[in-house]
Number of protein chains: 2
Amino acid sequence: MSRQLHLNAFVMPNGHHEAAWRHPSTDPRRARTLRHYVDIARTAERGMLDSLFLADGVALWSNVKHNSHSHFEPLTLLSALAATTDHIGLIATASTTYNEPYHLARKFASLDHLSGGRAGWNIVTSAGVDEARNFNLGTRPGHELRYARATEFVDVVKKLWDSWDDDAAVLDRASGIYADTDRIRPIEHEGEHFRVRGPLNIERPVQGHPLLVQAGSSETGKEYAARHAEAVFTAQQTFAEGKAFYDDVKGRLAKYGRSPDEIKILPGISPIIGRTTAEARAREAELNALITPEYGLHQLSKLLDHDITGCPLDGPLPDVGSFTEGAQSRLALVVGLARRENLTIRQLLERLAGGRGHRVFAGTPVRIADELEQWFTGGAADGFNVMPPTLPGGLDEFVDLVVPELRRRGLFRAEYTGTTLREHYGLARPVNRNRVKEHAA
Amino acid sequence: MSRQLHLNAFVMPNGHHEAAWRHPSTDPRRARTLRHYVDIARTAERGMLDSLFLADGVALWSNVKHNSHSHFEPLTLLSALAATTDHIGLIATASTTYNEPYHLARKFASLDHLSGGRAGWNIVTSAGVDEARNFNLGTRPGHELRYARATEFVDVVKKLWDSWDDDAAVLDRASGIYADTDRIRPIEHEGEHFRVRGPLNIERPVQGHPLLVQAGSSETGKEYAARHAEAVFTAQQTFAEGKAFYDDVKGRLAKYGRSPDEIKILPGISPIIGRTTAEARAREAELNALITPEYGLHQLSKLLDHDITGCPLDGPLPDVGSFTEGAQSRLALVVGLARRENLTIRQLLERLAGGRGHRVFAGTPVRIADELEQWFTGGAADGFNVMPPTLPGGLDEFVDLVVPELRRRGLFRAEYTGTTLREHYGLARPVNRNRVKEHAA
């Protein structure tokens, strides 16, 4: 079989367009129920998608007056979805800055066992000052410190996942031996940020390690991804940018002893689907007409770290000075977009409304498939992070109209061939480093 | 309707008897699957039980060689059960010593929303040194420090739950107002252990506050329960001890402005059920015959904080000196039991094997119902923490044989009359203190 692309459904309550919750096709009350997410997960599974994904932050969305980006907490919601789906991977975002590795190692192992090997962890370092203030700090820790902690954090988590051999639970009723304790070892981690003795209080995950996902696209973020990540979600506006990012990240893997196949790069795309291009554009315009400019200005000011709420909507983006640390790469993307296309603030807000910097593409299913195929075969993507503009409708349309077109082209699976998230992504099950070490000794 | 008792199913993988996993009626491989827990939860729901409960610790069970006390992490497992049940309350244990209040407030709020108002939190302070060593510490924090932190922790969590008014999410599509931000307020908590700005990033829980449960029976634990808890799980061996504990805790409520009805006291009972008393005793003996003495000696040494693994099994319990802080009340219970009944170590191990200090009662359904009725009507219990010796069989028998007998006596519900865990327990939905404060100002 030829190389197959991978599809992840990035789920938000009412969809990715900032005005989705105001659109007649959505139901913002229902979007606050488990049933809504169960339906979405089953739709994704009907389409044979690889996974679904929940973003997260640990502070109230500052613009909650005009929209909500979340309702449920990801690990609890995905555990509920583990019980109501059979195949789809379940990727939760969790922060290395405001958690302890023992808790996260355990929760992701638990989700992996609950789901029969379908858990993934999107690793974030929580750049927001609002988040810091919920966790005993007055200011956010710096970029380098957050990534240094994140590196040690993931190291500890992997050691904990490997603290049980796969066959440590022997369950021998005759002899009364539940677990072979020679195959369960403390990790005795003593590092700069963490002291963790272990072992973990749950068996090694079904997948060995739940899938590790990362989405930072800063210089540090790319290096972190090359070292640790197995899938990367990224915002890329043009094919050229996408290809450059793809080559850049893949090129960094060798120095960590990894092959380019060991990481899957999935640019985001918000597909606005119409039977004709004109219909798709009309649907986009219909959504954009529901934008609250106050919302967009607030969001953009926050992203730019520069108050532009008083600037005229039909004027250009003012000079916003140098970039602060934090969401560096997204900021460069937005300013680059405005400058390259000479957009007014209003036009920029419309461009951002669909995907917060991710690519929005309005077109027919065939044209959308063309775009995905070009990025995939042209070496800018291993698959896509699909961000439906509205939910549940936008995912239904993608699954019913675009997925079959990709399948006709031989680019996407017609049925699940594996059972775990790793198998969906074509990634190997990690060997137990702890055990290997022991056997070498 | 007369006063009704409350029943909680305390769930462990294979049941509460330490040898349950070796008994022919259990299936230790299946006990590591979600399906096993789904079946148990549905059985509990078929019996119209109030809730099910998972204990927890954040270190590997030290005696894993001979048994396992857990497999899944409670919040992930109960979220999965929220999606597969309709009525039963879901109570997860979580530690105030090794968590941050923002995370726990959010996760329990999320479970409460996922389940339509069925979440409960069993508050523990994690006495174990093995737990401390997984969270950057060399020794466990002292008893008083843990409880001081726990008090502030719960205060912060309640403030976070109250940071949204119940009606803050207005979802007004016409005006584009998602939430009324005048009804969402930061909590600005600055205390000795925590600085948390808030607000929480999830709406106020369905129940206002998930149910607060507590199980410490030390002096500090009882005072903590009187101040914060709405349900108490407790180990009591005799009616007299149970009644003394009941009166003691209920008597402490007035000084916190609470009425005795605002807390439900549920002693543990492990019912070993037979068609005749002789059959029940034979089943108990059959389980006891599967005890691994090495396991029991290890457990008892750990509880006593005194190595007795070298003592003769058929001799008396040696003098174990003064009690250390930690699981103080359980220790006094065990030593008291051995002295009062003049038990050999082997006899003591058998008495502890069924419920780790909780009461084990072998008898017919009628005799078990007699016991429960006596404790309930005699003022020693508002209900019971039911600890089936084996699972799933022990719960099936309780639901099919004992519950109907309780129902015949008018002591237990014939159907659910409410939808939330609070309604099952007959407890009021907390007012929003934050809102009340505002309105009073």
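The values are calculated or read from the model by the stated rules, or taken from the named source; none is laboratory data. From a predicted model like this one, the values you see are computed outputs, not experimental measurements. In this analysis, Cβ positions are derived from the backbone assuming ideal geometry, glycine residues included, and neighbour counts consider all displayed protein chains.
Before moving on, here are some points about what is shown:
- Subset of the range B:27-68 (residues that are facing chain A (nearest Cβ under 10 Å), β-branched (Val, Ile, Thr) and in contact with a Leu (Cβ under 7 Å, 6 or more places away or on another chain)): B:Val38
- When B:His16 is tested against (1) surrounded by 18 or more Cβ atoms within 10 Å (Cβ to Cβ); (2) assigned to a loop (DSSP other than H, G, I, E, B); (3) facing chain A (nearest Cβ under 9 Å); (4) not basic (Lys, Arg), just one condition goes unmet, and that condition is (3).
Each row is one residue, and each column tells you yes or no for (1) assigned to a helix (DSSP H, G or I); (2) among the small types (Gly, Ala, Ser).
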| site | (1), (2) |
| --- | --- |
| B:Arg407 | yes, no |
| B:Gly410 | no, yes |
| B:Ala414 | no, yes |
| B:Glu423 | yes, no |
| B:Arg429 | no, no |
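- Residue in the range B:161-170 that is of a type in the set (A, V, I, L, M, F, W, C) and either buried (at least 24 other Cβ atoms within 10 Å of the Cβ) or more than 13 Å from chain A (Cβ to nearest Cβ) (or both) present: yes
So that you can scan it fast, the table gives a plain yes or no per residue for (1) at the interface with another protein chain (Cβ under 8 Å from one of its Cβ atoms); (2) over 26 Å from the mean Cα position of the chain (by Cα); (3) assigned to a loop (DSSP other than H, G, I, E, B); (4) free of Cβ contacts under 8 Å to residues at least 12 places away in the same chain:
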{"residue": "A:Pro141", "(1), (2), (3), (4)": "no, no, yes, no"}
{"residue": "A:Arg146", "(1), (2), (3), (4)": "no, no, no, no"}
{"residue": "A:Phe153", "(1), (2), (3), (4)": "no, no, no, no"}
{"residue": "A:Asp182", "(1), (2), (3), (4)": "no, yes, no, yes"}
{"residue": "A:Pro186", "(1), (2), (3), (4)": "no, yes, yes, no"}
{"residue": "A:Leu200", "(1), (2), (3), (4)": "yes, no, yes, no"}
{"residue": "A:Glu203", "(1), (2), (3), (4)": "yes, no, yes, no"}
{"residue": "A:Val213", "(1), (2), (3), (4)": "no, no, no, no"}
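- Some residue of the range B:383-392 being within 18 Å of B:Glu279 (Cα to Cα), touching a residue at least 40 places away in the same chain (Cβ under 8 Å), in contact with an Asp or Glu (Cβ under 9 Å, 6 or more places away or on another chain) and small (Gly, Ala, Ser): no
- Filtering the range B:93-134 to residues that are in a loop (DSSP other than H, G, I, E, B) and touching a Pro at 6+ places or on another chain (Cβ under 8 Å) leaves B:Thr97, B:Gly117.
- Which numbered condition A:Pro24 fails, given (1) of a type outside the set (Asp, Glu); (2) closer than 27 Å to B:Arg118 by Cα; (3) more than 8 Å from chain B (Cβ to nearest Cβ): (2)
- In the range A:118-127, the qualifying residues are those that are small (Gly, Ala, Ser) and under 25 Å from B:Thr84 (Cα atoms), and the one that is nearest to the other protein chains (Cβ to nearest Cβ) is A:Ala119.
- In the set (1) without any contact (Cβ under 8 Å) to a residue 60 or more places away in the chain; (2) among the hydrophobic types (A, V, I, L, M, F, W, C); (3) in a helix (DSSP H, G or I); (4) crowded, with 21+ Cβ neighbours inside 10 Å, A:Val38 fails one condition alone, (4).
- Any chance B:Phe72 is at the interface with chain A (Cβ under 7 Å from one of its Cβ atoms) and not small (Gly, Ala, Ser): yes
- Selection status of A:Tyr256, under 30 Å from B:Phe135 (Cβ atoms) and either of a type in the set (A, V, I, L, M) or loosely packed, with under 15 Cβ neighbours inside 10 Å (or both): yes
- Flag if B:Leu266 is of a type in the set (A, V, I, L, M, F, W, C) and closer than 30 Å to B:Glu397 by Cβ: yes
- Per-region count, the range A:82-117, residues touching a strand residue (DSSP E or B) at 6+ places or on another chain (Cβ under 7 Å) and away from chain B (no Cβ under 12 Å): 5
- Flag if B:Ala282 is more than 27 Å from the chain's Cα centre (by Cα), in a helix (DSSP H, G or I) and modelled with pLDDT of 95 or more: yes
- Scanning the range B:285-320 for residues that are in a loop (DSSP other than H, G, I, E, B), within 30 Å of B:Pro365 (Cα to Cα) and of a type in the set (Gly, Ala, Ser) returns a single hit, B:Ala289.
- Every listed requirement among (1) at the interface with chain B (Cβ under 8 Å from one of its Cβ atoms); (2) part of a loop (DSSP other than H, G, I, E, B); (3) buried (at least 16 other Cβ atoms within 10 Å of the Cβ) is met by A:Leu137 save one, (3).
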